[in-house]
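Read-outs throughout are calculated quantities, based only on the coordinates presented, and are distinct from any laboratory measurement. Nothing here was measured: the structure is a model prediction, and the numbers come from that model. Reconstructed Cβ throughout: ideal geometry from the backbone, glycine too, with neighbour counts over all protein chains shown.
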Amino acid sequence: MTKKINSKRDLPKSFSLEKYDDLENMSDKDLFRQLYWRCDDLTIKNTDCPDYGLQYGAKYPLNNNFGDPFGELKAEEWFLEKQKEYEYKTQPDLLKLSYGDGIKPLMRFELAFLNKINADKGHWKGKPIVVDDDLVGDLFTTDNGMFWAVMREPVNLLSDVVENVMITVDLNNRDDLLIEAFTNLLPKWREELGIPEPDKPVSGDWESVRRKIIDYRIIPLIDLMSWESATDSKISLGVLAVSLFPDGEKESFAIAQTVKPFLDKIIRSDSLDKIMKELSR
């Protein structure tokens with residue numbers, strides 16, 4: 001059952017806005033690191049230590065799993081030792097195809113995943129998505145029209161757990177034809193699968209984004225919302241307002257309409273990538 005937090009007194013004692021004072025004077029890269037290392041805190045529940053970020057404030061330690069986005073800081077010794085153990089093992093050469101943002105070649109991972117799930121839609125609901133040779137043979141010899149009906153069903157319409165669109169691309173076609181077809185199909189696929197195009201990444205240069213991160217109290221907000229998620233609580237907008245803006249700079253309405261939407265956008269991977277590239281120049 002969700003616990004409603006309607007008073008600042010109900011927040012964890014580890015929360016103190018003063019712990020975040022050093023953010024103002026941090027270098028650009030250090031401030032970005034504080035944001036970057038928290039990028040999973042709103043999606044993964046840290047039930048072992050719900051107030052982890054609140055304990056550290058502006059001194060949130062290097063996240064070993066993510067590492068330093070700029071490759072300038074070293075992970076903790078224990079993590080480096082584990083990396084060395086892995087590197088000492090003989091690694092086989094990999095067969096590789098190039099990939100880019102949102103587009104990559106089909107790998108055995110996806111095939112193994114598809115091979116384990118059953119269709120929850122379509123003509124063969126309840127049967128494996130990957131049909132074995134015997135079933136294909138039975139379909140074909142029965143000759144009742146079901147062969148093509150079953151075999152041409154798009155994988156993405158057979159189960160909601162299949163997230164990425166499975167497609168084939170015939171590179172024997174000219175590039176301009178492929179680009180035109182993909183451009184025309186994108187909006188159709190989005191409509192058919194109910195996947196709207198994401199908003200564009202955060203706008204503006206780093207200076208304006210930096211100012212908002214500090215003025216909107218984005219870092220302590222992430223830590224409070226991470227604690228909220230991990231403890232199945234719900235902090236009211238009023239409590240967020242008095243906790244993050246004790247001098248009344250922003251009220252509940254501004255948090256709902258301005259601060260939280262900015263947080264949602266800034267924490268996205270495309271926004272983080274955009275900022276990281278700008279700071280790496």
- Task: For a footprinting-style exposure proxy, rank CYS49, CYS39 by other Cβ within 10 Å, fewest first.
- Result: CYS49, CYS39
- How large is the dipole of the range 157-204 about the Cα centre if only Lys and Arg carry +1 and Asp and Glu carry -1, each at its Cβ, rounded to the nearest 20 debye? 60 debye
- Between LYS188 and ARG174, the two model label points (7 Å from Cα along the beta-carbon direction) sit apart by a distance in nm of 2.0 nm
- Task: Once you have the Cα-Cα distance between ASN46 and LYS59, take 0.36 nm times their residue separation minus that, and quote the gain in nm to one decimal.
- Result: 2.9 nm
- Message: Taking 32 Å as the cut-off for C-alpha to C-alpha distance, list the pairs among LYS74/LYS250; LYS116/LYS265; LYS29/LYS260; LYS59/LYS260; LYS19/LYS277 that go past it.
- Response: LYS74/LYS250; LYS116/LYS265
- Message: Debye calculation, C-alpha points only, no solvent: report log10 I(q)/I(0) for the chain at q = 0.10, 0.14 Å⁻¹, in the same order as the q values.
- Response: -0.79, -1.16
- Have a look at GLY248, THR43, PHE113 and report the one farthest towards the positive end of the charge dipole of the chain, computed about the Cα centre with Cβ charges (Lys/Arg +1, Asp/Glu -1). GLY248
- Message: Please report the spacing between the Cα centers of the range 8-80 and the range 231-260 in Å, no decimals.
- Response: 20 Å
